[in-house]
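S.K.: Let me begin by handing over the structure; questions about it come next.
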Amino acid sequence: MPQQRLLYLDGNHLGASLWQGGALSEEGRFPQDEAGFAAFAEYLARHRGSTYRLLADIADEGYQIETLPYTQGADRAALLARKLGQYFYGSPLATAISYGREKSGRKDEQFMLTALTRPQLFEPWLAILRTAEAQLAGIWSLPLLGAALIEKLQPGNKPCLLVAITRSGIRQSFFENGRLRFSRLSPVATADAAELAVSCAAEASKIYQYLLGQRLLARGTPLPVLALVHPAQTGSFMEHCKNTEELQVTLQDLHAACKLLKLKTPPQDSRSESLYLHLLAQNPPREQFAPPPERRFHRLGQVRSWLLKGGALALLGCLLFAGRELATVFETRFDTEALLQQAEADMQKYQAIQKTFPPMPASTDNLRAVINRYEELEKRSAPIEPIYRLISQALAELPRVDIERIQWQLSANPDEGLQFQADARKPAAAAPGPAAAGSAMYATAVVHGLLPASMAADQRGQLETVNAFADALRRNADLRVSIQRMPFDIESGKSLKSSSEAEKAAPQLKFVIHLSRKL
C-alpha cells in the first residue's frame with residue numbers, strides 16, 4: 001500500500017507529516033513564498049507514490065444551512081452545484097453535507113453548505129501537486145473532523161462548543177445534535193498558557209452572544225464548552241475558564257484524547273492539530289472540498305491499486321489451481337507406480353504357477369495358432385438346414401419330383417459345381433482353396449432330381465415340371481438357381497428320338513439344378 005502523508009495548511013505555512021501505524025512524524029514545513037514552493041516540489045519528488053491528504057485551518061470559511069427539495073442523481077448534483085455557486089461564488093473549494101430529511105411536510109432535505117472562500121491561498125500548492133502528479137485524496141477542514149471528535153469525547157446530542165488551539169489560533173466549532181452548525185478561527189499571537197486561557201474564555205463568550213443572536217441557542221440556556229488542553233496547562237485554564245451562567249466549561253485532557261483515539265505521538269503543548277491529522281488519516285469524512293480535477297491522479301492510483309490487487313488474486317488463484325493439479329499429477333504418478341509394481345508381482349506369480357504345470361506336447365504358440373485357425377473355421381461354417389428347407393418347400397409344391405442326391409459344399413465361388421457332370425462315376429472338379437480372409441462365402445448345393453417314368457413320353461411335361469421346380473426355388477430372393485441339366489437333351493446339335501426310343505434309352509428321367517446362397 002502507498003504511504004499516507006498529511007499536509008497541514010494554515011495562513012502562512014504548509015506542514016508535511018508521515019502517518020504510519022498510528023504515529024505522526026513531521027517531515028517539513030514550507031513557507032508561503034517561492035523558496036517554500038520549490039522546497040515543497042522537491043519534497044513531492046522524493047516521495048512519489050504516496051497518498052496525500054490536505055487539512056486546512058484558515059479563517060476564510062463559509063457556512064450556510066439550507067433546506068432543499070429532495071432529489072436524486074443528476075438533478076441533485078445540479079441543484080447543489082447551483083446553490084454552492086450562489087453562496088460561494090468564485091470558490092471551487094465547496095461541498096454540501098446532508099443532514100437528512102425532515103420528518104414532516106414535504107420531507108425536504110437539509111444541507112450544510114460550506115466552502116473555503118480564499119482559493120488563492122491553495123492555488124500555488126495545488127499547482128505544485130498537479131505538476132508532480134501527486135495523488136491528492138482530498139481537502140478537508142478542521143470543523144469537518146470535529147463531528148467525529150465530539151462523538152468520541154462527548155457522546156450524545158446535546159449542543160456543544162468545541163474549543164481547540166492550533167497553530168492558526170483558537171478554533172471554535174458549534175455542534176448541535178452531533179452536527180456542525182458554525183465554526184470560527186480567532187488568531188492569537190501568544191503561546192503563554194495563561195493568555196491562551198483568557199483568550200479562550202473571551203472568545204467563548206463572543207460565540208455565546210452570536211449564537212443567541214442567530215437563535216441557535218435559547219436565551220438563558222448555558223452553553224456547554226469542551227476545551228482540549230495539555231495536561232501541563234490545565235491549572236492555568238481552570239483559573240481563567242470558569243463556569244458561569246452562560247458557559248459550562250469542561251477541560252479535556254489532550255493526552256487522554258490522543259490515547260482514546262490511538263494516537264501514539266501526543267503533542268508537546270495544547271496545540272491539537274496533530275490529533276486532527278490523526279483523525280484525518282484514520283477515518284476521513286466522505287465530504288471534502290477538492291474538485292474532481294484535483295483528485296484525478298488519486299483516482300488513477302486507486303484504479304492501479306485495484307488492478308494490482310485483482311492481478312494478485314488471479315495469480316494466487318492460478319497458483320492454487322496449479323498446486324492442486326501438481327498434487328493430482330504426483331498422486332496419479334504414485335498410483336501408476338503402485339499398479340506397475342502390482343502388475344509385475346502378479347506376472348511373477350503367474351510365471352511361478354506356470355512352472356508347476358506338466359510339460360505340454362506342443363508349444364504355446366502352436367496351440368494359439370491352432371485355436372485361432374479353429375475359430376476361423378467356426379466362423380466360416382454354416383448349417384445346411386436353410387437350403388434343405390427351401391428344397392423341401394419346393395418338393396411339397398411339386399410332388400412328382402423326387403430327389404436322388406444333393407451335393408453340398410461351402411465355397412467363396414457362387415458358381416462352384418456348375419461344371420458337374422451328370423455321371424457320378426466321374427470325379428468332381430477339385431474345389432478351390434480356402435477363401436482369403438474377409439471375402440464373402442457361399443453355400444452351394446447341386447440337386448440331382450428324378451421324374452417319374454410315366455413322363456418319359458411327355459417331354460413338354462418334363463420341361464414344365466423342371467422349370468416349375470426351379471421357379472419354386474427362385475421365390476427366395478437370397479437363393480441363386482441355375483438349371484444345369486434337363487431330363488433330355490435340348491441342344492440344337494442333338495438328334496431327336498421317338499417316344500419309344502426315349503423310353504428304352506432313358507429308363508430314369510434325371511435333371512440337375514445348381515443352387516447358391518450367400519452367407
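The values are calculated or read from the model by the stated rules, or taken from the named source; none is laboratory data. For clarity, every value in this text was computed on a predicted model and none was experimentally measured. Cβ sites come from the backbone with ideal geometry, for glycine too, and all protein chains shown count toward neighbours. To get the accessible areas, we keep the full protein, side chains included, count just its heavy atoms, and leave off ligands, DNA and RNA. Shrake-Rupley method; radii C 1.70, N 1.55, O 1.52, S 1.80 Å.
S.K.: With +1 on the Cβ of every Lys and Arg and -1 on the Cβ of every Asp and Glu, and nothing else charged, how large is the dipole of segment 295-359 about its Cα centre, in debye rounded to the nearest 20?
M.R.: Numbers: 9 positive and 6 negative charges, 201 e Å.
Charge dipole of segment 295-359: 960 debye, to the nearest 20.
S.K.: Please name whichever of H240, H47, A440 sits farthest to the positive end of the charge dipole of the chain, dipole taken about the Cα centre and charges placed at Cβ: Lys and Arg +1, Asp and Glu -1.
M.R.: A440
S.K.: Could you work out the relative contact order of the chain? I mean the mean sequence separation of Cα pairs under 8 Å and 6+ apart, divided by the number of residues, in percent. Before the final figure, lay out each step's value.
M.R.: Values: 756 pairs, mean separation 55.0, N = 519.
Averaging sequence separation for qualifying contacts and normalising by length gives 11 percent for the chain.
S.K.: What's the local net charge at S50, with K and R +1, D and E -1, over the other residues with C-beta under 11 Å away?
M.R.: Details: positive: R5, R46, R48, R53; negative: E27.
Here the charged neighbours net out to +3.
S.K.: Right, next: Per DSSP helix of 4 or more residues, -39500 (n - 2.57); summed, then divided by the residues of the chain. What does that give at 222 nm, rounded to the nearest 500? Mind dumping the intermediate values first?
M.R.: Details: 13 runs with 207 residues, N = 519.
Value at 222 nm, helices only: -13000 deg cm²/dmol.
S.K.: Turning to a different aspect of this structure: Assign unit charges at the C-beta atoms only (+1 for Lys and Arg, -1 for Asp and Glu), then state the dipole size of the chain relative to its Cα centre in Debye, rounded to the nearest 20. Can you show the working numbers first?
M.R.: Values: 59 positive and 54 negative charges, 130 e Å.
Roughly 620 debye for the chain.
S.K.: Considering all projection directions equally, how large on average is the shadow of the alpha-carbon convex hull of segment 1-137, in square nanometres?
M.R.: Details: hull surface 42.1 nm².
Over every viewing direction, the Cα hull of segment 1-137 projects on average to 10.5 nm².
S.K.: May I pose another question? Over segment 79-157, give the accessible area per residue in Å² for a 1.4 Å probe, as an integer.
M.R.: On the way: 3660 Å² over 79 residues.
Here the per-residue accessible area is 46 Å².
S.K.: Now a separate question. Return the whole-Å distance between the Cα centroid of segment 290-362 and the Cα centroid of segment 51-66.
M.R.: The two parts, judged by their Cα centres, are 58 Å apart.
S.K.: Rounded to the nearest 20 Debye, what is the dipole magnitude of segment 1-157 about its Cα centre when Lys and Arg each give +1 and Asp and Glu each give -1 at the C-beta? Please list the in-between numbers first.
M.R.: Values: 15 positive and 17 negative charges, 118 e Å.
Roughly 560 debye for segment 1-157.
S.K.: For segment 279-347, what % of the accessible area comes from carbon and sulfur atoms, probe 1.4 Å?
M.R.: Details: 3520 of 5330 Å².
Heavy-atom surface of segment 279-347 belonging to carbon and sulfur, 1.4 Å probe: 66 percent.
S.K.: Students often forget the sequence filter, so: which aspartates and glutamates lie under 12 Å Cα-Cα from K510 once same-chain residues fewer than 8 apart are removed?
M.R.: D402, E404, D423, D489
S.K.: So if I restrict to the alpha-carbon atoms in segment 125-186, what is the Rg, and what is Dmax, the biggest pairwise distance, in Å?
M.R.: Taking only Cα atoms of segment 125-186, I get Rg and Dmax of 15.0, 46 Å.
S.K.: Now, a different point. Considering all alpha-carbon pairs of segment 199-353, what whole percent are spaced by more than 20 angstrom?
M.R.: Values: 8985 of 11935 pairs.
Pairs farther apart than 20 Å: 75 percent.
S.K.: Quick one, can you get me the convex hull of the C-alpha atoms of segment 159-215 expressed as volume per residue in Å³? Walk me through the numbers before you get to the answer.
M.R.: Details: hull volume 4.2 nm³, N = 57.
Expressed per residue, the convex hull around the Cα atoms of segment 159-215 is 74 Å³.
S.K.: Mean 1/r over all different Cα pairs, inverted: what Kirkwood radius does segment 22-63 give, in Å?
M.R.: Details: mean 1/r = 0.0789 Å⁻¹.
In segment 22-63 this quantity evaluates to 12.7 Å.
S.K.: Next question, about the same structure. Can you tell me the Rg and the Dmax, both Å, for the Cα atoms in segment 313-386?
M.R.: 25.8, 78
S.K.: How large are Rg and Dmax for segment 74-227 when calculated on the C-alpha trace, in angstrom?
M.R.: 18.0, 55
S.K.: Report, by chain and number, residues whose modeled amide H sits under 5 Å from the one on T265, excluding near sequence neighbours (fewer than 5 apart, same chain).
M.R.: When sequence neighbours closer than 5 places are left aside, the close amide H contacts are L24.
S.K.: Quick one: compute a quarter of the convex hull surface over the Cα atoms of the chain and quote it in nm². Walk me through the numbers on the way to the answer.
M.R.: On the way: hull surface 245.0 nm².
Taking a quarter of the hull surface, the average projection is 61.2 nm².
S.K.: Quick check on my link table: of K83/K206; K206/K264; K83/K259; K107/K309; K103/K152, which ones sit more than 31 Å apart, alpha carbon to alpha carbon? Provide the component values of the computation, followed by the final result.
M.R.: Working: K83/K206 29 Å; K206/K264 35 Å; K83/K259 40 Å; K107/K309 43 Å; K103/K152 27 Å.
Table pairs above 31 Å Cα-Cα are K206/K264; K83/K259; K107/K309.
S.K.: Work through the residues other than S173 whose Cβ is under 9 Å from its Cβ and net out their charges, Lys, Arg +1 and Asp, Glu -1.
M.R.: Working: positive: R171, R181, R184; negative: none.
Value of the local net charge: +3.
S.K.: Probe radius 1.4 Å, ligands and nucleic acids ignored: give me the carbon and sulfur share of the accessible area of segment 89-148 as a rounded percent.
M.R.: That share works out to 50 percent.
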